[in-house]
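Peer 1: Structure in structure tokens, see below.
The values are calculated or read from the model by the stated rules, or taken from the named source; none is laboratory data. The shown structure was predicted, so the numbers you read here are calculated from the model rather than taken from an experiment. All Cβ positions, even for glycine, are placed from backbone atoms using ideal geometry, and neighbour counts span all protein chains on display. Ligands, DNA and RNA are stripped out before the accessible areas are found, and what is left, the full protein with its side chains, is counted by its heavy atoms. Shrake-Rupley method; radii C 1.70, N 1.55, O 1.52, S 1.80 Å.
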Amino acid sequence: MSLNLVLFVFGATQHVGIEIGRFSEPVIVPAAIVETLCALSLIWGLWAVFRRPTPSWVIAFTGNLIALTGVLLGIVALAAGRGPRTVSNDNLHRAMLTLVGLSFLALLVARSFPTVGKK
């Protein structure tokens, strides 16, 4: 989740026109807004995972579900021609989808072992 958080912040930064190193993307303000909301949802999810004494897996799952929805919205919008499309942006979306999937898997596995992380 934390790596995906970094990718969402990176994407949002790119879509407001800030270049990072050799990376630059077209300015797409709606994408920057969605990616910022996704990043905030992942912060919320990470907080829930590390909360003590009992992590809240429902909040972490919901945070990832919001991120998944945001990525799918971006993919559909670009496929419908609603913005300029780049190979790097397509790859970023693929990486985000992969990390959301891995996060869901990790949450499922962690939930299957209720003693993990408890003291």
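Peer 1: With +1 on each Lys and Arg Cβ and -1 on each Asp and Glu Cβ, and nothing else charged, work out how big the dipole of the chain is about its Cα centre, in Debye to the nearest 20.
Peer 2: Using Cβ point charges on Lys, Arg, Asp and Glu, the chain gives about 520 debye.
Peer 1: Leaving out ligands, DNA and RNA, what percent of the accessible area of the chain is carbon and sulfur, probe 1.4 Å?
Peer 2: Ligands and nucleic acids excluded, carbon and sulfur give 72 percent.
Peer 1: Using a probe radius of 1.4 Å on heavy atoms only, what accessible surface per residue do you get for the chain? Whole Å² is fine.
Peer 2: Here the per-residue accessible area is 60 Å².
Peer 1: A further question follows. Take peptides 81-87, 41-47 and line them up by average Cβ neighbours within 10 Å, highest first, as a rough protection proxy.
Peer 2: In decreasing order of mean packing, 81-87, 41-47 become 41-47, 81-87.
Peer 1: Another question about this same structure. Determine the gain in length on full extension of the stretch F50-L97; use 0.36 nm per residue of separation and subtract their C-alpha separation, reporting nm with one decimal.
Peer 2: 14.7 nm
Peer 1: To the nearest µm²/s, what D does Stokes-Einstein give for the range 15-85 at 4 °C and 1.567 mPa s, using the Kirkwood radius over alpha carbon pairs as Rh?
Peer 2: Answer, rounded: 96 µm²/s.
Peer 1: A follow-up question, please. Just to be sure I follow: if Rg is taken over the C-alpha atoms of the chain and Rh is the Kirkwood radius over the same atoms, what is Rg/Rh?
Peer 2: Using Cα coordinates only, the ratio equals 1.04.
Peer 1: Hey, can you rank 57-64, 15-22 by average C-beta count inside 10 Å, highest first?
Peer 2: Most protected by this proxy first, the peptides run 57-64, 15-22.
Peer 1: Given the Cα atoms of the range 54-108, and with Rh set as the inverse mean 1/r over their pairs in the Kirkwood sense, what is Rg to Rh to two decimals?
Peer 2: The Rg/Rh ratio comes out at 1.08.
Peer 1: Have a look at V109, P84, V71 and report the one farthest towards the positive end of the charge dipole of the chain, computed about the Cα centre with Cβ charges (Lys/Arg +1, Asp/Glu -1).
Peer 2: V109
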